[in-house]
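The values are calculated or read from the model by the stated rules, or taken from the named source; none is laboratory data. All values derive from a computational prediction rather than experimental measurement. Note: ideal-geometry Cβ built from the backbone for every residue, glycine included; neighbour counts use all protein chains shown. For the accessible areas, the whole protein counts, side chains as well, though only heavy atoms, and no ligand, DNA or RNA atoms are used. Shrake-Rupley method; radii C 1.70, N 1.55, O 1.52, S 1.80 Å.
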Amino acid sequence: MTFNGIYQYNFPTTIRFGAGSSKELGDYLVRNQLSKPLVTTDATVSQLRFFKEIISDLGKKNISVEVFSDIHKNPVKSDVYRGTEAYDNAGRDSIIGIGGGAALDVARAIALRINHRDDLFKYDDLAGGDVYVTNDVPHFITIPTTAGTGSEVGRSAIIADDETHQKKILFSPKLLARIVFADPLLTMDLPPFITAATGMDALTHNMEAYLAKMPHPLCEGIALEGISLIGDSLVTAVNSPDLESRSKMLIASLMGAVAFQKGLGVVHSLAHPLSSLLDTHHGLANAVNIPYGMEFNIDGFEHKFRRMARTLELKDETGQAVVQYLFDLNSKINIPHKLRDIGVRPEHVETLADLAIGDFAHPNNPKPVSRDNFRNLYSKAL
Ligand SMILES: NC(=O)c1ccc[n+]([C@@H]2O[C@H](COP(=O)([O-])OP(=O)(O)OC[C@H]3O[C@@H](n4cnc5c(N)ncnc54)[C@H](O)[C@@H]3O)[C@@H](O)[C@H]2O)c1
Ligand SMILES: [Fe+2]
């Protein structure tokens, strides 16, 4: 790591972590004189027992709850507009996101939209839109129910265009949650496939953040510990979940998102086009691509792969051993090794490569990635 400038490091979010922490929500709202939250979630989570319990607990504290759950699997702009209408029409005073990354991203984008009513994509970070995020945002709280994206501690929301499906990033430090209630009990009944896919997303965040080129020893330390926690717990969380494995996965996913303020890399740029083009789940797309993306990164970064191999307690400390570990891990949690097994066809490769080269994640990869590199990586993984 070489320092050659002045860097900004941010670690500001208050996190209440632990089994039962979500039960503190009602008292927190009362203490902060909030009585009319818009609870944003997705249709599946809105039917789960823990969700109904949270809503009923709030009712007992005379908190009036409006639930908005009509969102897409990969959220789009019109979801955010309808959620904003729900906030306005029911006279709300705060926003609580409860769910996976999709629900939390919509909640965060609604929080942005409340006092910023120009076209949502005017605030697109890649087009410099963060400078227009100048007004206050409502009191915003997050409660994750998957252990993957770490969106609960993030400052950005990924929202796609309804027609083109192109994903835009809305970003501002103002979009940080005021408090996160991270309660592993809410993740206990996650189905194995979702646990596996979201868990591999979390592992990808930690590995890519560790490798990303910005010098950031704070994030690197967090990322290595995140990798270690996932190495300890993901297989158990998928195949025979207990509170310990769920707790380790939840904190590690949150750590991945804290760490990736340092940047992501080639794997996320391989993954994003699969969601845009084929509606593939974000975590699954990362899971299948991560061994190939990591292999691409070994050359020149052997020292960093050695640290990751040690963290994972591999006997062989080479980059290839880390790659083999990732293939083996995917096998243990029933994730395929090949893109063709998740619906990718040879005729998709050129379009995928076009989308990947335009993606926002790879400029932080430790080494440059060309369009040819993307095409070769997709072809290899096919
Ligand atoms: N903001 C960020 O920094 C960031 C980073 C990465 C990804 N993302 C976004 O996050 C989204 C993916 O999030 P995700 O991986 O959490 O998936 P998700 O939010 O799509 O959830 C996956 C599935 O799990 C279900 N589910 C959620 N919690 C559950 C529970 N406790 N029990 C049973 N089922 C449950 C959901 O209903 C959904 O069907 C994508 O839209 C992606 O673009 C955001
Ligand atoms: Fe991700």
Matching entry among Ala202, Ala182, Ala209, Ala223 (being within 16 Å of ligand 1 (Cβ to nearest atom), at pLDDT 95 or above and touching a Cys at 6+ places or on another chain (Cβ under 8 Å)) | Ala209
Which listed residue is under 30 Å from Arg49 (Cα atoms) and either assigned to a helix (DSSP H, G or I) or hydrophobic (A, V, I, L, M, F, W, C) (or both), from Leu277, Leu234, Leu270, Leu264 | Leu234
Within the stretch 341-382, residues being polar (S, T, N, Q), open to solvent by less than 70 Å² (accessible area, probe 1.4 Å) and free of Cβ contacts under 8 Å to residues at least 24 places away in the same chain number 1
How about the stretch 131-140: which of its residues are in contact (Cβ under 8 Å) with a residue 40 or more places away in the chain and in contact with a helix residue (DSSP H, G or I) (Cβ under 7 Å, 6 or more places away or on another chain)?
-> Val133, Pro138, Phe140
Within the stretch 260-280, residues being of a type outside the set (A, V, I, L, M), farther than 15 Å from Asn364 by Cβ and either open to solvent by less than 20 Å² (accessible area, probe 1.4 Å) or modelled with pLDDT of 95 or more (or both) number 3
Filter result for the condition that a residue is within 16 Å of ligand 1 (Cβ to nearest atom), within 28 Å of Ala103 (Cα to Cα) and touching a helix residue (DSSP H, G or I) at 6+ places or on another chain (Cβ under 8 Å), over Leu339, Leu274 | Leu274
Mind listing whichever residues of the stretch 55-79 are assigned to a helix (DSSP H, G or I) and either among the hydrophobic types (A, V, I, L, M, F, W, C) or under 25 Å from the mean Cα position of the chain (by Cα) (or both)?
-> Ile55, Leu58, Lys77, Ser78, Asp79
Does the stretch 288-308 contain at least one residue that is more than 14 Å from ligand 1 (Cβ to nearest atom), touching an Asp or Glu at 6+ places or on another chain (Cβ under 7 Å) and either open to solvent by 10 Å² or more (accessible area, probe 1.4 Å) or not in a loop (DSSP other than H, G, I, E, B) (or both)?
-> yes
Lone unmet requirement of (1) within 15 Å of ligand 1 (Cβ to nearest atom); (2) buried (at least 20 other Cβ atoms within 10 Å of the Cβ); (3) at pLDDT 95 or above for Lys168 | (3)
In the stretch 17-35, which residues are under 27 Å from the mean Cα position of the chain (by Cα) and not small (Gly, Ala, Ser)?
-> Phe17, Lys23, Glu24, Leu25, Tyr28, Leu29
If we scan the stretch 237-246, do we find a residue that is outside any loop (DSSP other than H, G, I, E, B), over 25 Å from Ser331 (Cβ atoms) and away from ligand 1 (no atom under 12 Å from the Cβ)?
-> yes
